[in-house]
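Below is one structure; the comments refer to it alone.
The values are calculated or read from the model by the stated rules, or taken from the named source; none is laboratory data. The model shown is predicted, which means the values in this text are computed figures rather than measured ones. Heads up, the Cβs are rebuilt from the backbone with ideal geometry, glycines too, and the neighbour counts pull from every protein chain shown. When the accessible area is computed, the model is the full protein with side chains, heavy atoms only, and any ligands, DNA or RNA have been set aside. Shrake-Rupley method; radii C 1.70, N 1.55, O 1.52, S 1.80 Å.
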Amino acid sequence: IESPKIKAVLIYGPDAGQVDAMHKLRNMYTDGVGVKLDYRKALYWTQKLYDLYDEKYSVKNKVNIAAASQLAIIFDKCGEQEKACEYHKIAYDLSIEILGEESEDSLKALNNLALLYGKMGRIKDQLEYIEKVYDILCKTGKENDHDTLIVLNNLATAHCTSGNYQKAYELSSKAYRL
């Protein structure tokens, strides 16, 4: 980083509570841009942002949902799947509370949690949550949307992983037909 002003913001800004500087540092460490890729340092700044937003907003909003989701992603990248699950669940619960169960953010949070469960080998939990996402999408008339096809494919993959090849085939065929 060549600019002394940028260096000052990045070095002194975060501790002074400058949100933009915290975001920049988190992104730099997450992506390895201008610094060595370091998920632990990204986790540090993501946690600081989450705590700041949690403290700042007595009435939770979409910022809190995004902060919880970001923290879950970074915990997963650090290999801490249980903590990642905890924060995906927080993002999901906040989404339902603030936006409703059928909101896009709620469904994304639930789908992210399901995919993480699959990664952890918790296929039963993965199936339960992906089926819930799929059912809500169908109930709201989005059965043929692009995102629904992705969820349907994820569901087929989870059934295949669980050994239920017939169900996996049926779902894959359905996705193909749509």
Solvent-accessible area, 1.4 Å probe, carbon plus sulfur percent, for the chain: 52 percent
For the chain, take every pair of Cα atoms, bin their distances at 5 Å starting from 0, and report each bin as a whole percent. 1, 9, 15, 16, 16, 13, 12, 8, 6, 3, 2, 0, 0
Just to confirm the number: angle between the C-alpha axis of helix 104-119 and the first principal axis of the chain, 0 to 90 degrees, nearest 10? 80 degrees
Taking the full set of protein chains and a 1.4 angstrom probe, give the accessible area of THR157 in square angstrom, rounded to the nearest 10. 80 Å²
A correct Karplus calculation of ³J(HN,Hα) over the stretch 124-134, with 6.51 cos²θ - 1.76 cosθ + 1.60, θ = phi - 60°, whole Hz and x for Gly and Pro, returns 4, 5, 4, 4, 4, 6, 5, 4, 5, 4, 4
Which residues among the stretch 87-122 fall inside the zone where the amide N is under 17 Å from a point 7 Å beyond the Cα of TYR57, along Cα→Cβ? 87-101, 103-110
Rg followed by Dmax, in Å, when the stretch 60-99 is reduced to its Cα trace: 9.7, 30
Over the chain, what is the mean sequence separation of C-alpha contacts under 8 Å (at least six apart), divided by residue count, expressed as relative contact order in percent? 10 percent
With each pseudo-label sitting 7 Å past Cα toward Cβ, what's the SER103-LEU37 distance in nm, one decimal? 3.3 nm
Once the whole set of protein chains is in place, how much accessible area is left on GLU101, using a 1.4 Å probe, in Å² to the nearest 10? 70 Å²
Going by Cα centres, the stretch 45-103 and the stretch 152-167 are how many Å apart? 28 Å
Could you report the stretch 41-172's accessible area per residue, 1.4 Å probe, as an integer in Å²? 51 Å²
Taking only C-alpha positions in the stretch 11-98, Rg and Dmax in angstrom work out to 12.9, 38
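Hey, what D do you get for the stretch 63-153 in µm²/s if you plug the Kirkwood alpha-carbon radius into Stokes-Einstein at 20 °C and 1.002 mPa s? List each step's numbers first, then the result.
On the way: Rh = 13.0 Å.
It diffuses with D of about 164 µm²/s by this estimate.
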For ARG122, ARG26, ARG40, give the ranking by accessible area with the largest first, probe 1.4 Å. ARG40, ARG122, ARG26
In nm, what is the difference between 0.36 nm times the number of residues separating LYS119 and ASP145 and their Cα-Cα distance? 6.9 nm
